[in-house]
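The values are calculated or read from the model by the stated rules, or taken from the named source; none is laboratory data. Here the structure is a predicted model, which is why all the values come from computation and not from measurement. Heads up, the Cβs are rebuilt from the backbone with ideal geometry, glycines too, and the neighbour counts pull from every protein chain shown.
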Amino acid sequence: MIAGFRDRYGTFPRLMVRAPGRVNLIGEHTDYSLLPVLPFAIDREVLIAIGPGDSEMEVDSLSSPAPARFTGVDDSAIQGWHRYVLAALRVIDIVPPVRILIGGDLPSAGGLSSSSALTMGLISALFLAQDVELPPRPLGDLTTTAERSMGVEGGQMDQLVIALAIEGHALRIDFDPIETRTIPLPDDLAAVVAYSGEPAPKAGAVNDLYNTRVVAARAGACLMAKAAELDPGDPPSLSRVRSIPTSEVELSAESTAAEVATLTGCEVGSITRLTLHAFPADAPLPISRVVNHILAEADRVDATEQALEQRSFDTLGHLLDQSHTSLQSFGASTTSLDRVTELMRSAGAYGARLTGAGFGGYALCVCPPAKVSSILTRLADHQFEPSFKVQAVSGASVIEL
């Protein structure tokens, strides 16, 4: 990184920020309903080297060279990874005269939270360039705001674990209110991830698939709250109705937000509101399968934490398998992700599932350490690469030079 910075800019960086990726052990598509998750930061990271510049900001990337200069925060023509730079600049509302080089070994567009790591690393570096070091929680909040400004109405799992992770531990995160606790990961339990061959960028069609499920979860919360005479919140959240059995509520397979608002008295805007725009109120929503997955997945987070504490690895594997089956019904898996998880199990994993939002990207398995090699070989034999073992590391940090 230092040599690359010097080659591009003819000077040395002042400091570097590292921001790790993450895998989510379990708790998929629950955070935007303010329900728990259990991720950990991994030993693949984004690196941001930064140093003083002249009158404008200059940015480049080692892996995807595309030098750019920024003088303001309103350039709607910006595309590609430059959008994350622009999003970071918008939340700090200043364009400092600095030079930035982006590097690291975290794969992009695969569900390992490369976008959150990049955005958090940029925001942290830009504040540090002004001699301000943000605490982890405010840094996570700003990263969430920046990412939502690009059109994905995600929760805060990625940002919080990247900021707060502890080496050797998963991070249990609850969101209503936000609380965290660390869960030790046993030394005799290994984790492997593998790429399905299908990118999962936070843009275009994947954005639409994701946001549809966010809005469907809100609509489901309205229906369940109405049946139990509860306040669903604003925006409506399944965390408010988690104790209500879904068998006691009629959940439509494909109602619209407008129909749910009429039926329940919820404001249609509270269901459809997104950061950039409103979701179409007349679009059909897969309410029943979204609600059924999210509420069951929240229970699996609790059960997974208990399985780790009791060192019940077979139970842990069954819970991951159940999660993947549920995500198939939810509509987040693909044929390739299904095949990757099958290969992992057949090569000796305790259990496997997609990790991240899905619609492509990576799958995760847990296994005995002695099975890592055979799992990686089986995946390579079927051209599912890259695949690699991951370890739990600490959250984002500053590297003084």
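Looking at segment 112-130, is at least one residue surrounded by fewer than 18 Cβ atoms within 10 Å (Cβ to Cβ) and touching a Lys or Arg at 6+ places or on another chain (Cβ under 9 Å)? The answer is no; no qualifying residue exists. When segment 43-56 is limited to residues that are surrounded by fewer than 24 Cβ atoms within 10 Å (Cβ to Cβ) and in contact with a Lys or Arg (Cβ under 7 Å, 6 or more places away or on another chain), the one that is nearest to F12 (Cα to Cα) turns out to be G51. Within segment 57-90, if we keep just the residues that are under 25 Å from the mean Cα position of the chain (by Cα) and hydroxyl-bearing (S, T, Y), the residue that is surrounded by the most Cβ atoms within 10 Å (Cβ to Cβ) turns out to be Y84.
This table checks each residue for (1) assigned by TED's automatic domain parsing to the domain that holds V46; (2) among the acidic types (D, E); (3) in contact (Cβ under 8 Å) with a residue 12 or more places away in the chain.
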site	(1), (2), (3)
P67	yes, no, yes
V73	yes, no, yes
Q79	yes, no, no
V98	yes, no, yes
L101	yes, no, yes
D105	yes, yes, yes
S113	yes, no, yes
S116	yes, no, yes
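Residues in segment 118-137 that are in contact (Cβ under 8 Å) with a residue 12 or more places away in the chain, part of a loop (DSSP other than H, G, I, E, B) and hydrophobic (A, V, I, L, M, F, W, C): A129 only.
Condition check ((1) in a helix (DSSP H, G or I); (2) touching a His at 6+ places or on another chain (Cβ under 6 Å); (3) in contact (Cβ under 8 Å) with a residue 24 or more places away in the chain; (4) among the charged types (D, E, K, R)) across all residues:
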residue: L263; (1), (2), (3), (4): yes, no, yes, no
residue: I271; (1), (2), (3), (4): yes, no, yes, no
residue: V301; (1), (2), (3), (4): yes, no, yes, no
residue: R311; (1), (2), (3), (4): no, no, yes, yes
residue: L337; (1), (2), (3), (4): yes, no, yes, no
residue: V340; (1), (2), (3), (4): yes, no, yes, no
residue: R345; (1), (2), (3), (4): yes, no, yes, yes
residue: R353; (1), (2), (3), (4): no, yes, yes, yes
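What about L320, is it touching a His at 6+ places or on another chain (Cβ under 9 Å) and either outside any loop (DSSP other than H, G, I, E, B) or touching a residue at least 12 places away in the same chain (Cβ under 8 Å) (or both)? Taking the combined requirement at face value, the residue does not satisfy it. The test for being in a loop (DSSP other than H, G, I, E, B), among the small types (G, A, S) and buried (at least 22 other Cβ atoms within 10 Å of the Cβ) holds for G360.
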